[in-house]
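The values are calculated or read from the model by the stated rules, or taken from the named source; none is laboratory data. All values derive from a computational prediction rather than experimental measurement. Backbone-built Cβ (ideal geometry, glycine too); neighbour counts: all protein chains shown.
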Amino acid sequence: MRILTNICTDNLQQSKEYYVELLGLNVKYDSDWYVQLSSPDDPEIEFGIIQRDHELIPTEYQQKPNGMYVTFVVADVDAAYQKALEMGVRILQEPRNEFYGQRRFLTQDPNGCLIDICSPFE
């Protein structure tokens, strides 16, 4: 079995740049309607971005995301936070240690998707 998360976008290029620059994801496939990214540590861990108004997306699912978020576990959440600040992305929550053993910050991608970036802490 393989599980692949895809998100919809209004601006494929901007979304691709956001994830590649902020998280260092690799581009596995790049077209004018779909981009597939992967973890630099494991190419089988993939993340897709599809043009929101593409014919493959049913009309009722072409709206902005709501009620979901995507978590990326990184080696150094504070380094990722500094990168996010340099990029000027919207920060919803600055890094903080959470009760469940993760240090995380929350941001928003160019599509309005809530993004949780975290690392374990002791």
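Does Tyr29 fit the bill of being hydroxyl-bearing (Ser, Thr, Tyr) and surrounded by 12 or more Cβ atoms within 10 Å (Cβ to Cβ)?
Judged against the criteria, Tyr29 is not a match.
Filter the range 22-58 down to the residues that are of a type outside the set (A, V, I, L, M, F, W, C) and in contact with a helix residue (DSSP H, G or I) (Cβ under 6 Å, 6 or more places away or on another chain) and list them by number.
Within the range 22-58, just Gln51 meets the criteria.
Taking the range 4-49, which residues are hydroxyl-bearing (Ser, Thr, Tyr) and over 15 Å from Thr71 (Cβ atoms)?
Passing the criteria: Thr9, Ser15, Tyr18, Tyr29, Ser31, Tyr34, Ser38.
Provide a single number: the residues in the range 42-88 that are under 20 Å from Leu23 (Cα atoms), out of contact with any Pro (no Cβ under 6 Å at 6 or more places or on another chain) and either of a type in the set (Phe, Trp, Tyr) or outside any helix (DSSP H, G or I) (or both).
Of the residues in the range 42-88, 19 are under 20 Å from Leu23 (Cα atoms), out of contact with any Pro (no Cβ under 6 Å at 6 or more places or on another chain) and either of a type in the set (Phe, Trp, Tyr) or outside any helix (DSSP H, G or I) (or both).
Within the range 5-41, how many residues are in contact (Cβ under 8 Å) with a residue 60 or more places away in the chain and not in a loop (DSSP other than H, G, I, E, B)?
Total meeting the criteria: 11.
State the number of residues belonging to the range 53-85 that are surrounded by 10 or more Cβ atoms within 10 Å (Cβ to Cβ) and acidic (Asp, Glu).
Qualifying residue count, the range 53-85: 3.
Among (1) part of a strand (DSSP E or B); (2) of a type in the set (A, V, I, L, M); (3) over 15 Å from the mean Cα position of the chain (by Cα), there is one condition Met1 misses while meeting the rest; what is its number?
Condition (1) is where Met1 drops out.
When you scan the range 45-71, how many residues do you find that are among the charged types (D, E, K, R) and over 16 Å from the mean Cα position of the chain (by Cα)?
Residues meeting the conditions: 3.
The conditions are (1) surrounded by 12 or more Cβ atoms within 10 Å (Cβ to Cβ); (2) β-branched (Val, Ile, Thr); (3) under 17 Å from Ile115 (Cα atoms), and Val35 fails exactly one of them. Which is it?
(3)
Can you pull out every residue in the range 104-122 that is in contact with a helix residue (DSSP H, G or I) (Cβ under 7 Å, 6 or more places away or on another chain), over 16 Å from Leu85 (Cβ atoms), of a type outside the set (Ser, Thr, Tyr) and not in a loop (DSSP other than H, G, I, E, B)?
Once the filter is applied, which keeps residues that are in contact with a helix residue (DSSP H, G or I) (Cβ under 7 Å, 6 or more places away or on another chain), over 16 Å from Leu85 (Cβ atoms), of a type outside the set (Ser, Thr, Tyr) and not in a loop (DSSP other than H, G, I, E, B), the range 104-122 yields only Cys118.
Among the residues of the range 112-122, is any among the β-branched types (Val, Ile, Thr), at negative phi and at pLDDT below 95?
Scanning the range 112-122 turns up no residue that is among the β-branched types (Val, Ile, Thr), at negative phi and at pLDDT below 95.
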